[in-house]
Amino acid sequence: MNPQNSAAHRLLATGSWLLATSLRSLLRAPGFTLAAVLTLALGIGANTAIFSVADAILFRPLPYPNSERLVMVWNRLTKLGLNRLSPVASTAEAYRRLDNIFDSTGGIFWFDRVLTGDTGPERVPGMLITHQVFDMLAPKAALGRIFRPEEYLPGADPVAILSPSLFSRRYGSDPSTLGKSIILDNRSYRIVGVMSPAFEFSLRGGSIDVWTPKPDNPENWGNATRMVARLRPGVSLQAAQSALEAVAKHVDETLHPYNGPHGEDAGYRVQVVSFRDQFLGDFRTVTLILLCAVVAVLLIACVNVANLLLVRAVSREKETTVRRALGATSARLAAQWMAESAVLALLGGALGSIAAAWGVKVLVRLSPSALPGVAKISVDTRALAFTFVISFIVCILFGLAPVLASAKMNWGTRGSTRHSRRAASFLITAEVALAVILMISSGLLFKSFARLRNVDPGFNASHLLTMQTQFPATQPVTKIRSRAFYAELQEKLTALPGVVDATIGNLPIRGALLNPGGGDPFMIKGRAYDSGGSIGQFANMTIVGPNYFRTLQIPLRSGRTFAAGDTADAPLVVMVNEALERAFFPQGAVGQQIGVPQPCYDLTHCEYPWETIIGVAADVKTVGLDRAALPQIYIPHAQQPFPNAGVILRTTGDPLALTRQVSAVVRSMIPDMPVFDVRTMEDRISETIGQPRFETAIVGFFAGAALFLAAIGIFGVVAHSTAQRTQEIGIRMALGADGPRVVKTVVFDGLRPVLLGVLIGLGGALATSRIFSTLLFSIKATDPAIFLTSAAVLTVVAIAACLVPARRAIQVDPMIALRSE
């Protein structure tokens with residue numbers, strides 16, 4: 001027989017024997033086996049679920065070919081506070097000529113379109129794309145086809161691809177829809193395909209419902225066209241950034257594409273951003289924190305199982321002594337313990353993978369709406385492979401505990417008990433330290449979230465119904481028509497039963513729709529424009545109706561609000577907020593004159609007519625509750641009407657109950673006008689805190705799991721230690737020791753490793769506090785109240801866990817305790 005085959009057979013036979021022996025041994029202790037498997041399933045399942053999130057955000061390639069080479073190109077106006085500005089025709093063309101950097105460049109343009117038909121008008125998010133974009137992204141059609149090259153040419157017949165969502169809700173997923181025409185913005189488009197559900201591409205949240213081709217002509221690159229590019233193989237992001245910076249400098253010196261109101265330097269720069277950073281960069285920090293938290297839970301679970309195995313090893317002391325006497329070696333005993341650990345790890349991993357599948361569904365529901373669709377969170381083969389690897393690591397981690405402890409145990413003597421206690425105490429210290437860190441992290445997030453929820457947005461959000469409207473292409477929009485339509489709409493909506501007040505205007509809490517660091521530049525009469533000052537001379541422009549401040553109940557600080565006399569023929573007036581007054585008019589803004597830019601193609605040729613400030617309103621949160629109020633300029637709609645506006649109603653009852661009536665009023669005036677994005681203001685505010693809510697909920701769950709596991713671990717160790725000291729306790733009580741003193745001794749012995757763990761945990765939380773500082777609002781990462789409360793809670797839980805076995809011990813009759821050995 002081949003010696004190698006013989007060795008393999010012996011190894012296989014030994015492995016089979018160890019597995020069978022381990023299974024029989026574990027089945028004889030069902031309570032221990034169930035506790036260990038459930039504990040491991042919790043730790044492994046949580047790790048697998050969070051790995052699925054981390055894999056989608058940090059590791060897994062995006063669902064596009066050569067996704068690591070795909071980038072977005074943005075212009076920045078650093079002195080105007082604008083950081084994500086689409087390149088206009090002159091700059092885009094200069095970038096696209098860098099053939100040594102890019103092997104493909106294309107343009108995308110988002111816009112909301114009005115879809116009309118038998119079921120009424122509907123606003124659908126759309127995207128125009130140049131032919132290179134689909135070449136780079138390589139989408140698949142679930143039905144029909146993708147655009148053909150000739151369909152991108154100027155003058156080609158209009159065609160469209162629908163999303164699965166639009167295809168289902170509007171056309172009932174009827175395949176005969178292909179080849180038929182739809183009306184978008186009063187233009188007919190032939191449907192050539194339905195996009196695959198797996199394809200996701202959107203930069204502004206939500207999804208796209210309809211795609212149409214865009215001819216790739218330089219003159220079509222307006223200031224709203226985003227530039228997508230693919231780097232040549234071997235070209236790094238840093239190399240591309242350097243090359244584009246050189247081009248941007250030349251363009252700035254020769255073409256001067258961007259300037260301040262009077263030609264001042266706007267701080268023109270360029271930025272190249274990878275697709276991963278573009279889509280998922282905002283979620284990296286929280287994902288890493290979740291990974292650390294879930295690993296801590298897994299380690300705590302491992303510590304608990306290791307302690308269970310130590311207890312089990314000591315309880316099998318007689319068995320082990322007999323086996324050693326019969327010739328079993330330390331290696332053979334260690335192999336059996338590791339085999340039992342492997343069985344437990346595999347069972348825990350199998351149950352954990354089932355729990356992970358359920359957990360991922362919960363995570364997807366809890367995840368903030370801002371999480372892009374490209375982050376496909378699911379338990380796939382990568383996650384299952386991770387489960388197998390983590391199960392193996394877990395097996396090694398907790399399986400080595402009894403093996404290492406046994407090396408120092410003198411089996412058959414009291415020394416084995418002392419060594420097992422020391423090992424268990426060490427593990428409890430580690431477990432408590434990890435639990436303290438998680439509890440402090442959770443406490444910080446809870447306190448931060450509570451303060452965020454209590455932030456005053458600057459207006460009364462209760463009983464406010466909000467929606468958006470959009471003029472259809474069938475209705476040519478002029479300033480006169482827009483002014484008249486919205487004035488009449490406000491009157492009709494105010495007359496509805498249940499409506500207290502109604503207005504139009506840009507909605508507050510606009511989140512990502514606003515640039516949190518900038519806005520539009522404005523002039524101050526009698527002063528030179530300061531493009532490089534410590535406070536940027538720019539503000540967000542908000543066009544509002546006459547009842548805007550009354551409807552939203554925004555306090556007026558000085559001056560007056562807009563009145564019926566502020567018409568198109570009257571002198572131009574504006575209102576500002578307190579933030580702008582503090583920054584530029586510390587002596588008072590009312591009566592001052594500022595130049596506000598009129599609508600213009602880009603920032604090159606804007607007009608700045610002088611307008612008088614008539615009032616100062618209280619600051620309103622516009623980007624989010626966690627952001628400081630931005631300088632704001634309010635412009636009356638009657639003087640500068642906008643073609644599409646938000647509608648805001650204050651109601652006496654449930655705001656959403658009026659949705660149908662409001663839509664009926666709008667369509668009675670213009671039948672093809674869609675009403676969309678209908679939500680209460682409270683829902684909008686809640687959406688802006690979706691990410692901190694998600695972070696708080698998940699870390700809080702892990703902290704709760706850690707506290708529960710730590711309490712169970714402390715209880716188990718103290719209970720086992722107390723049981724081993726039954727004879728000692730019996731002797732003490734026989735010699736006159738009273739019950740309270742025995743309880744105190746047991747509790748103090750149990751608390752020693754706990755208090756050491758608390759101290760280590762406090763130090764660890766202090767060392768990692770910087771990581772949390774970016775996630776917290778209005779509190780410090782070293783908040784002493786949270787640190788002390790977390791330490792106190794875990795100490796109280798530990799005392800409670802120690803008291804139960806201690807009280808049980810003193811209830812044992814001393815004579816029975818003395819005869820226990």
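Things worth noting here:
- Cα gyration tensor shape of the range 13-71, rounded if a/c is under 1.5, else prolate or oblate by comparing a/b with b/c: oblate
- Full extension of the chain segment joining ASP380 with ALA156 gains 76.4 nm, where the gain is 0.36 nm per residue of separation less the Cα-Cα distance.
- In plain terms, the C-alpha convex hull of the range 735-804 casts an average shadow of 5.7 nm² when viewed from every direction.
- The residues of the range 610-707 have, on average, 34 Å² of accessible surface per residue, using a 1.4 Å probe with all protein chains present.
- Solvent-accessible area per residue in the range 96-219 equals 43 Å², computed with a 1.4 angstrom probe and all protein chains kept.
- The length gained by stretching the chain between LEU58 and ALA35 to full extension, at 0.36 nm per residue less their Cα-Cα distance, is 4.9 nm.
- Solvent-accessible area assigned to carbon and sulfur over the range 57-130 amounts to 49 percent, based on a 1.4 Å probe.
The values are calculated or read from the model by the stated rules, or taken from the named source; none is laboratory data. Computed from a predicted model, the values in this text were never measured in an experiment. Keep in mind that these areas ignore ligands, DNA and RNA; they rest on the heavy atoms of the full protein, side chains included. Shrake-Rupley method; radii C 1.70, N 1.55, O 1.52, S 1.80 Å.
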